[in-house]
Amino acid sequence: MIQPNMLKKLPQLLVLLMAILSYSCSSKKTESRITSDFNKDWYFTLADSTLDASNPTFDDSHWRQLRLPHDWSIEGEFSQDNPAGVGGGALPGGIGWYRKSFVVPKADSAKNIFIDFDGVYMNSEVWINGELLGKRPNGYISFRYELTPHLKFGEENVVAVKVNNSAQPNSRWYSGSGIYRNVRLVKTSDVFVDHWGAKVTTPEVSKSQAKVRIALQINNRGDAGEVNVINTVVDQNGKTIAELSEVQNLQTGTNQLTYDMAVQAPHLWSVADPFMHKVITKIENESGELDTYETPLGFRFYEFDSEKGFVLNGEQLKILGVCNHHDLGALGAAVNTRALQRQLEIMKEMGVNGIRTAHNPPAPELLALCDSMGFIVMDEVFDMWAKKKSEYDYSLYWDEWHEKDLVDFIKRDQNHPSIFVWSIGNEILEQWDSTGITIAKELADRVRELDDRPITSALNDPQPHNNIYKSGALDIVGFNYSHKLYEDFQKNFPGEVFIATETTSALATRGHYDMPSDTIKRWPIRWDLEFTEGNADNTVSAYDHVSTPWGSTHEETWKIMKEHDFLTGMYIWTGFDYLGEPTPYGWPSRSSYFGIVDLAGFPKDAYYMYQSEWTDKDVLHVFPHWNWAEGEAVDIWAYYNNADEVELFLNGESQGIRKKERDDLHVVWRIPFEAGTLKAISRKDGKEVLTKEIKTAGAAAQIELLADRNSIQADGKDLSFVTVKVLDKDGNLVPNAANLIEFELKGNGKIIAVDNGDPTSMEAFQAKQRKAFKGLALVVIQSDEVKGEIKLIAKSEGLTQKSLTIGTH
Ligand code: GAL
């Protein structure tokens, strides 16, 4: 008999039926380990603390159906009253519940079944069929629960997750809320490599040969006894370069096994050629394959040297890094591989070769991308230890959880060749008292038991008296800021290795230019003093961005860093703007000003300073725009490289040739504004290298749409980031345009976010319209799972509309 509440649940029942059908089609009996995406068809609601939806019979039919990863905060409205404050992005927290019904076929009743969460912010509790599997306060850590003893095979099972992000503030930046990373279901036979149970290292690597060590933790729950363990090293092109097969007598329970293999002339991993390998471990017996497990591997050797700095594969390499928080701008914290990849592509294009995961374990996808794209990662675990930085932060859980979180962090990440340094904490308050000594030692000892990579901590009092330094626990002394102390490092810390864990914290908004006189009016006095120091004649404009009292301009830190080999490298605060921490501003600012690239992914000017210094590409970047009041004195800057000089012309008349002298990183002209065309030409040995023109823009007349990719995968995940430009009738960007643009989408996809990079915008990110900010806006389009076409149409009052087609395959 059909009950009325069954009708309400019809969509869920259909989903279940489809799951059973698709499962029976896709599952192959011969596969020993099946890892499946467990992100689809969750039901979600926001609730108060009285709700208990853990019971499997709970009626969730009125909840919203969604696909993970999901961040409910980013869907909310900005408000000064949200308890996270502007520091947390002024978006709501709260309590959310997620539930998912699923069937594991009877045929799998002999399997072991696990659920893996990459990250849930925060305080998650997970139930299966009403039984509590566990809780996890840390919002950035990955964890697994075993479902096997609680499952009803061939029947409906319900997993319920409560996420409690209601105690606020608990973060100094935007955290996001919910199951914001991926979830997987893992099925194994009775003989399987344990969770994070493979550790692949290269105890010896040189250009001529390498030794690969594979340490496995194999769980034997049955009576397998004798098995064959086959380890194969395969390169990224699928070529087998080494193989070892050994017969092993497994004991019941846990087996620790180690294998060594030799590889001749390994293709080394580097930032320029991040050539990847993997180890495929197969366990078999006479009845067939029992498990297959893959572990990433990269061959590289390196040292951090107190004189030579960082040396990778025998060659000195300055680490040119950025710190980034985990949010993906308008997408919030909900992880998306393409969005991460786009961020890394934008960084790579600027010349960045390092990423610091400030200040928490990242999404595993980020590390896989850093492996394959070639970044030197500093993987950081904590922003605080036992002493709190915000009222309800992780310090509350420190005593009970820090050891487990630290160990899980190392075990999860240790096989990534892109990780070169572990950071056990950022600006830890214990550095100012003796507990800094004991805790630093405890953490570093624990890390060293698991892995031999160097350990640092980002110290914001980087002096020899620092307790964390004094603990002797660090391999590398991590400086946050204090660039004026860099040159004394070898004197103050004889024999030690330096790294700038965090630098700069300069402030800028993309497309916004203060002339020197305006700057003095606009910035609070403290910032002003810092800014004007040394610039009493006001001949230098604010274009290299105003610095924080603790930081520097972009140029200041880099000028010192590039001078000395012993300065191994730097991680700039930050590559991208991030939600929250709009220092020095308060409401209505709700995102940061520190990024070299804005929240929407549009570069600010400093991007090109780094590009001119950090890459071999020809660069000529001239700014600002050319729309000013007639006669106003305007500073024009140019960043360039691969040239000896730049000549600037205004309406055909030369304004002079400029050359970088001494340690200059830019050239400057000051000329009275006159409408028309600015043209800059860079030359080497008298020959033209690049030409740039900036024209005075007329009234906004048309829209331009530029997709970062015109063809994306029809997998329901892939993205196309479309830049929207407001142009005048001649095609010039209108530099102050703020037109409201409306978007319409047809076909096989949807608009999942819009942005413009304005840190004070109160407009929703999940919308079909956005005002331009300084002439630009962004639309993020996601494919659905149907191959075909997506058509984006952009309209704005008074402007010629524009459309763009994206293929999905
Ligand atoms: C640092 C801190 C970062 C960020 C930055 C802003 O001291 O480590 O998380 O707050 O300051 O300048």
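Quick note: the coordinates plus some simple rules give every number you see, no bench work behind them. Note that the structure is predicted; figures quoted are calculated from it, not measured. Cβ sites come from the backbone with ideal geometry, for glycine too, and all protein chains shown count toward neighbours.
For segment 599-686, trypsin sites (Lys or Arg not before Pro) are listed when DSSP marks them as loop and at most 13 other Cβ atoms sit within 10 Å of their Cβ; the list is Lys617, Lys659, Arg662.
Take the Cα of Lys562, step 7 Å along the line toward its Cβ, and report every residue of segment 672-714 whose backbone nitrogen sits under 20 Å from that point. Backbone N within reach: 681-685, 689-690. Take the Cβ-Cβ distance between Asp715 and Ala110 as r, set R0 to 30 Å, and report the resulting FRET efficiency rounded to the nearest 0.05. Between Asp715 and Ala110 the formula returns 0.40. What the Cβ-Cβ distance of His809 and Ile671 gives, at R0 = 51 Å and to the nearest 0.05, is a FRET efficiency of 0.50. Distance from the C-alpha centroid of segment 553-623 to that of segment 320-341: 16 Å, rounded to the whole angstrom. Summing Lys and Arg as +1 and Asp and Glu as -1 over all other residues whose Cβ lies under 15 Å from the Cβ of Gly775 gives a net charge of +2.
Multiplying the residue separation of Thr800 and Ala629 by 0.36 nm and subtracting their alpha-carbon distance yields 58.8 nm. A Förster distance of 51 Å, applied to the separation of the beta-carbon atoms of Lys348 and Thr57, puts the FRET efficiency at 0.50. Counted by Cβ distance under 12 Å from Ala714, the other residues give a net charge of -3, where Lys and Arg count +1 and Asp and Glu count -1. The simple spin-label model puts a point 7 Å past each Cα toward its Cβ; for Asp663 and Asp273 those points are separated by 3.4 nm.
Model label points for Gln65 and Glu146, set 7 angstrom from Cα along the Cα-to-Cβ axis, are 3.4 nm apart. In a fully extended conformation the segment linking Glu303 and Ser206 would gain 33.6 nm over its present Cα-Cα distance, using 0.36 nm per residue. Summing charges over all other residues whose Cβ lies under 13 Å from the Cβ of Leu68, with Lys and Arg as +1 and Asp and Glu as -1, gives +3. Dividing the summed -39500 (n - 2.57) terms of all DSSP H runs of n ≥ 4 by the residue count of the chain sets its mean residue ellipticity at 222 nm at -4500 deg cm²/dmol. With the simple model of a label 7 Å out from the Cα in the direction of the Cβ, His512 to Asp223 spans 7.3 nm. Cβ crowding within 10 Å, taken as a proxy for footprinting-reagent exposure, orders Tyr640, Tyr397 from fewest neighbours to most as Tyr397, Tyr640.
In a fully extended conformation the segment linking Glu131 and Ile34 would gain 32.5 nm over its present Cα-Cα distance, using 0.36 nm per residue.
For segment 240-312 versus segment 378-424, the spacing of their alpha-carbon centroids is 26 Å.
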